[in-house]
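Read through the structure below, which is laid out as structure tokens, and then see the notes.
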Amino acid sequence: MSEKLKKYEKIDRFTVKMTYLIALIILVVLLIWGLVKVFHFWNYEETNDAQVQEYINPILSRSSGYVQEIRYRDHQKVQKGDTLVILDSEETKVQIAEAKANLASSEAQLEVMKSNVNTAHSYASVSQAKINAAKAELWQQQQEFQRYKKLYEGEAVTQQKFENIKTQLAVAESNFEAIKNSLSVSQNKTNDASAQIAVAEASIAQKKAAVDRLELEIKYAVITAPSNGFMGKKTLQEGQFVKKGQTLGFIVDENQGKWILANFEETQIANLHEGQKAKISVDAFPGETFQGEIESLSPATGSQFSLLPPDNATGNFVKITQRFPVRIKITEDKQKLVKLRAGMNAEVSIPKS
């Protein structure tokens, strides 16, 4: 029994020593970990309220119509100008044909009006020539009247002859006035025809604009990718009716790059400035770090940009530490950025300057 007791005592002593040793190792590890954390706390500003960001642009319909064809899948990579959706445009094509027919009719009417103007100009020219002839005839009759008047006063001609000459003068004067009135009427017709031409030209311009608008509708019926990127979830179905301005889907814009939006507490931003280096770790890739630098600091807290910003003057004030959005540019090469996706959670550490 004594040997067994000695054996158990040795085991107990060994166990106690090992327990002390393990406890000492754990204590040392905790101290080292605590010193590292304290050192990091004093020398770095960090936050886990950060996300990977990319521009996500809506794809809008610029025309109304039924969806004829969909040429993309969920999450498909697309290039700028790739066709995404085609709307049915048969009805618009019929409207274009009708509008072009109306335009052709108006252009034909314009030619008729121009011909009328030319005709009116011709009548005016003829009337002007007649006026010159009537004026010459009137002058001749006036001279004849003056001669016969003197002869009549000298009793060299009979009264009947003098009255005949006087009548011929009155006829010449009437003819001259009639032809002058005819010229005035011709000029008025010319002016009216010219005014109608201006109206017809305005109508033609309006109908041309209508044709151009319908041709734009044909163009807008083919909806293309506005940039390189990845499509989001497909929510359209063939045969579905869409309205002008309706959102058809979303594209993650690849051209404008990726960045980190980190929300730092207001007590931390005193040590932050543009151009400062940053170390980024993403939850999706543990153990891997990305390098970046501060690109800009928000001019106001995130709550001030909300739809209903808080009003501390309402009497319900409770002091809450606010956060400032900080935009951080990722300075890694594009190959390393490919695996990052918008919305991924991240942690950011920035050395205090």
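The values are calculated or read from the model by the stated rules, or taken from the named source; none is laboratory data. Here the structure is a predicted model, which is why all the values come from computation and not from measurement. Here the Cβ is made from the backbone with ideal geometry for all residues, glycine too, and neighbour counts use every protein chain on show.
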Completion exercise
Of the conditions (1) within 36 Å of the chain's Cα centre (by Cα); (2) assigned by TED's automatic domain parsing to the domain that holds residue 52, the single one that residue 285 does not satisfy is (1)
Exercise for the section: Answer yes or no: is there a residue in the stretch 325-341 that is under 16 Å from residue 49 (Cβ atoms), outside any strand (DSSP E or B) and in contact with an Asp or Glu (Cβ under 9 Å, 6 or more places away or on another chain). Expected result: no
Exercise for the section: Only one of these is surrounded by 12 or more Cβ atoms within 10 Å (Cβ to Cβ) and in contact with a Phe, Trp or Tyr (Cβ under 7 Å, 6 or more places away or on another chain): 218, 294, 280, 223. Name it. Expected result: 280
Exercise for the section: Go through the residues of the stretch 326-343 one by one and say whether even a single one is more than 32 Å from the chain's Cα centre (by Cα), at pLDDT 90 or above and crowded, with 17+ Cβ neighbours inside 10 Å. Expected result: no
Exercise for the section: Considering every residue within the stretch 196-212, establish whether at least one is assigned to a helix (DSSP H, G or I), at pLDDT below 70 and not polar (S, T, N, Q). Expected result: no
Practice task
Inspect all residues belonging to the stretch 332-344 and state whether any of them is in contact (Cβ under 8 Å) with a residue 40 or more places away in the chain and within 16 Å of residue 46 (Cα to Cα).
Solution key: no
Exercise for the section: Inspect the stretch 39-54 for any residue being free of Cβ contacts under 8 Å to residues at least 60 places away in the same chain and surrounded by 10 or more Cβ atoms within 10 Å (Cβ to Cβ) and give the result as yes or no. Expected result: yes
Handout entry: Near pairs, Cβ below 8 angstrom, 6+ apart or cross-chain, from the stretch 308-328 (free of Cβ contacts under 8 Å to residues at least 40 places away in the same chain) to any residue that is surrounded by 10 or more Cβ atoms within 10 Å (Cβ to Cβ) and part of a strand (DSSP E or B)
Key = none
Handout entry: Residues of the stretch 273-289 classified as assigned to a loop (DSSP other than H, G, I, E, B) and free of Cβ contacts under 8 Å to residues at least 40 places away in the same chain, total
Key = 5
Problem - Subset of the stretch 293-307 [part of a strand (DSSP E or B) and either touching a helix residue (DSSP H, G or I) at 6+ places or on another chain (Cβ under 6 Å) or free of Cβ contacts under 8 Å to residues at least 40 places away in the same chain (or both)] - result: 293, 295, 296, 297
